[in-house]
Amino acid sequence: MHQQLIIDKISGILEVTDDTYDAKLTQLLDDAKRIFIAGAGRSKLVGNFFAMRLVHGGYDVSVVGEIVTPSIKDGDLLIIISGSGETEQLIAFTKSAKKVGAKIVLISAKSESTIGDMADGVFQIGKAEQYGKVLGMPMGTVFELSTLVFLEATISHIIHDKGIPEEKMRERHANLE
């Protein structure tokens, strides 16, 4: 019962998400010198999933907040994952990136927010009214899981579009684990 509830909710959100986002996001990724991904809490974990797959796809990616993350510069892309677009720490990251001329993309449940106002683009996952309380999916679960599936589908688009063989991705996978 609960599995079907989750699958149905995520499917409903993705059905109304703009189906051109994967191509638009791929173009932004391809145009960037380097890619930085930031989120807070579970959204950060979703970002980590995405960052790993981008590395497998051959992109130069850093996760914001890691000790080895380099400074962001003009020509780089900062992807912020935030359901609200209002997380204070992520607002600060956005301001810093904007100051140096990096492009900023917000992936969010809301089309308008503080981060969205500063971003070069906002990818709204679903519609705001779909994010009310859902029994069994508390505290952002709907956004996080929907975003995870959206980003994994974007990776699928990239792999297919660029013809990246799985063997090549495996070569890029961590071998110190």
message: Looking at segment 56-70, can you tell me whether even one residue there is part of a helix (DSSP H, G or I), in contact (Cβ under 8 Å) with a residue 24 or more places away in the chain and within 30 Å of Asn175 (Cβ to Cβ)?
response: yes
field: Selection count, segment 34-55, where residues are outside any helix (DSSP H, G or I) and small (Gly, Ala, Ser)
entry: 4
message: Being among the polar types (S, T, N, Q), under 23 Å from Ala23 (Cα atoms) and touching a Leu at 6+ places or on another chain (Cβ under 9 Å): is that true of Ser82 here?
response: yes
statement: Condition set more than 22 Å from Pro165 (Cα to Cα) and of a type in the set (Ser, Thr, Tyr), scope segment 26-64, selection surrounded by the most Cβ atoms within 10 Å (Cβ to Cβ): answer is Ser43
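From Asp74, Asp18, which residue is assigned to a loop (DSSP other than H, G, I, E, B), among the charged types (D, E, K, R), within 17 Å of Gly116 (Cα to Cα) and out of contact with any Lys or Arg (no Cβ under 7 Å at 6 or more places or on another chain)? Outline the logic, then answer.
Numbers: Asp74 fails: within 17 Å of Gly116 (Cα to Cα).
That would be Asp18, the only listed residue that is assigned to a loop (DSSP other than H, G, I, E, B), among the charged types (D, E, K, R), within 17 Å of Gly116 (Cα to Cα) and out of contact with any Lys or Arg (no Cβ under 7 Å at 6 or more places or on another chain).
Every residue, every condition in (1) charged (D, E, K, R); (2) modelled with pLDDT of 95 or more; (3) farther than 14 Å from Ile80 by Cα; (4) not in a strand (DSSP E or B), yes or no:
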site	(1), (2), (3), (4)
Ala92	no, yes, no, yes
Lys98	yes, yes, no, yes
Leu106	no, yes, no, no
Ser111	no, no, no, yes
Lys133	yes, no, yes, yes
Met137	no, no, yes, yes
Leu145	no, no, yes, yes
Asp161	yes, no, yes, yes
Glu167	yes, no, yes, yes
- prompt: So which residues in segment 113-129 are over 12 Å from Leu77 (Cβ atoms), outside any loop (DSSP other than H, G, I, E, B) and among the small types (Gly, Ala, Ser), if there are any at all?
  reply: Gly116, Ala128
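The values are calculated or read from the model by the stated rules, or taken from the named source; none is laboratory data. Note that the coordinates shown come from a computational prediction; the quantities given were computed from them, not determined experimentally. Neighbour counts run over all protein chains shown; Cβ positions are idealised from the backbone, glycine included.
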